[in-house]
Every structure is written in C-alpha cells, then in structure tokens.
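Structure first, commentary second.
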C-alpha cells in the first residue's frame, strides 16, 4: 500500500445493506459535512451516487433554489437550480438515476445529470399527482422493495416506484413519537432496522422493522447535533445526515451502524513549468491499480482523456505526466483509476492557471542580431519561426543554454512559436 499526502478520501461502500449490523449508540460524528454556498433555510435529504462517488441535495422550495453536487469529501463540485419545487431526493441504483418527489401534486421526477454526473436543473416527470401523504412530504427510496416511502403522523407510507400507487400504510409502534421531525424518514436497508425517523428533542434516531413497523433500536446523536423539527434528515452512503439551517446551511453526518467504510484515496496535484503543466499523483488502495485515465477540461465540467498511464508494477509511489502546451487560463484535471476488480475511482479536480507564453517567456534582446534568449526557456525546447506572411522559416530545438541562433535569418519581423501563442521579435 503506497503512502500519500491525503488530498482525496473516497468513502466507497458496496456493502450489502441487507445484512445485519450492530447499532452504534452513542452515534459517531464524522468529519464529513455538506455545506451550501449560500444561506439555505431548509433542505429535504441527501442522495448518494455510488457510481460517481457524488452527493446531492437541494433547498426545499421553488425552481430557482440551489441544487448542489458534492464529491465524497464534501467538496462542492457544481451549483445549479432545482428547476422545480422539490422535497425529497434519492438515488435509484436499479436505473442508475437521481430522482425526487416535489411539492404537493407536482409528482415525482427524474433529475438529469451532465457528463460528470453533476445534477442539472432540467428534469422529466415520472408520475404526476399527489403521490405522498401531504404536500410537504419528503420521500426516500427503498431499493429492496422498489418503493418510495414517506413519514406522516406516526405512519410509514409505501408507494410503488413502478406505478406511483400507494401500496400500504404501516403504523410505527413501540416508541414515543411526540417530538419527531415532521416529514422526515430514512431507509437504511439494515435487516430489522430498515426504517428510521428522528426525535429532534432527544437527538435520537429511532429504528423500526419495515415489515412489522415495530421499534427495534435507537442511536443517540451528540448533544450538539442539529434538531430540525421538520425536514432535514437523510441516510446516504451508510451515514445518517442531519441538516442545520442558515447561517450554517450544512449537513452533518453520523455513523449509527457498525458498517466498515473501505478507503480509496488518490492525491493529485500539479503546477506550470515553462510551457507545460506538470501533473503528479499517488494512490492508496486496497486493490492494485491497473491503469489511470488522466482527463483535462477547460471549464471544470466537460472532461476529455489526454493520457492513459499503466499502474506501476515496481512499487513506484508517484505517477507523472507533462501536459504540453495547455491553453492559457484555467486548465482542470482529474484522474480516474481502474483497479483489478474493474472498479473506477475519481480524484478531486485540480485547476492550474496557465499563463500564456507571451507573458511567461520574454525575448531578449529585441531587436536581436545573431542570437535571442528566451527567459524561462529550458535547453532542448522545440520551436518554430514564421515570417509576417505566415511562412515557416525555421524550426529546431533551443541550445542547451536556452538560446536560439538567428544566423541564417535575414533581417525582418518574425514570430516565434513555442506553443499556440506567438512571441514577436525583430532580426536586425
């Protein structure tokens, strides 16, 4: 296992949620939080995309409220608007898509994702109508039964995801339900404790058997945990989430089951060197890495592969790549690794702001006689010289001292190309 300076910590969990896991009480608060970039009074719940290692959540309310995508570290990756008055949100793993229920009789919808799996404000309605117990209900998904479930006044309402029709109403019994977060419910998938609601006064997660509705266990959160009276609880990526309203506008996460969290880490960094961007990364993984796909983007959203690098077989700790002649301005990079099991893992995005060579590299003297020197130019760097008409006059590699000979050039005005940006100079 290679050592790293931690930059990306991906909590990737493919544990069977049908298994039985001990309840942890008191619950363990994690360092992972999801913060909205603006003041947000209410949020419904959290969804987790295990294929892309991304979290999603939004502000409850109208179509211009924020819809945010975070990576597994809780770093905001994208900001969009909801496009519709939203309430609950969940990941439908069987269809590999993000879904939600909306206010009142608007119905349920599929939220579109872009090429990076970031949530967009465009959507398509799955079913319209009052497919929930009340107008403010926040739904979540039971993948085992393929049902969307809701909580209202001591009952769990189960709707068929395929038809949108109410299947059954289950009374939750065996616990006092006087200070329960209204319209909030979670699905854990843990056998016998599948359904969870939150006692905001006692700061306690109450767990119930989804078949009988009987109380089975509880997990007490720290006294500092948020206590939303309505909305604002979720269960995603084996973590229980509670929302604290503005000015914090933040989701806090807690472990309420003793479920192991495998760790996968990629540390990616980079900087500009002359006319290239130098990328380097390390990886810490339980499985050997077969290959890396280094990707580039000019906007931080649409990425294209620029290199494929094999995983090291000799125990090398650092992987490197020089991206020659990047465009001036912001250049975004990410690395996607593939392990021996075929699982893919994505690093954080790194941005390198590349200055144009016309500002980084300076010609002197200018005008020149027999030789020009380029400040910051390394020896052996390839170049091309064009005249004012665009005709190529000379090409080659710079001298070991970083100079270029002009002996064979007649007097005139020229353009030196070391990348896409020309540097103008005069030969006397």
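Each reported figure results from applying straightforward, stated rules to the coordinates on display, with no laboratory input. Predicted model, so just to flag it, every value in this text is computed and none were measured. Note that each Cβ is placed from the backbone with ideal geometry, even for glycine, and that neighbours are counted across all protein chains shown.
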Practice task
Could you please state, rounded to a whole Å, how far the C-alpha centre of the range 185-253 is from the C-alpha centre of the range 70-93?
Solution key: 19 Å
Exercise for the section: Would you please give the FRET efficiency between residue 271 and residue 229, computed as 1/(1 + (r/R0)^6) with r the Cβ-Cβ distance and R0 = 51 Å, to the nearest 0.05? Expected result: 0.55
Problem - Inter-label distance for residue 395 and residue 301, nm, one decimal - labels placed 7 Å from Cα along Cα-to-Cβ - result: 3.7 nm
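Can you tell me the relative contact order of the chain? Whole percent, Cα pairs under 8 Å, sequence separation 6 or more.
After rounding, I find 13 percent.
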Handout entry: Packing-based exposure ordering (other Cβ within 10 Å, fewest first) of 424, 391, 255
Key = 391, 424, 255
Practice task
Return 353, 346, 81 ranked ascending by Cβ neighbour count within 10 Å, so the fewest neighbours appear first.
Solution key: 353, 81, 346
Problem - residue 104-residue 162 pseudo-label distance in nm [points 7 Å out on the Cα-to-Cβ vector] - result: 3.2 nm
Practice task
Mind giving me the nanometre distance, one decimal, between the label points for residue 76 and residue 245, set 7 Å out from Cα along Cα→Cβ?
Solution key: 2.1 nm
Problem - Nearest-0.05 FRET efficiency for residue 291 and residue 211, computed from C-beta distance (R0 56 Å) - result: 0.80
Handout entry: Computed FRET value (nearest 0.05) for residue 415 with residue 97, which takes r as the C-beta separation and R₀ as 35 Å
Key = 0.10
Practice task
Within 10 Å of each residue's Cβ, count the other Cβ atoms and sort 73, 67 from fewest upward.
Solution key: 73, 67
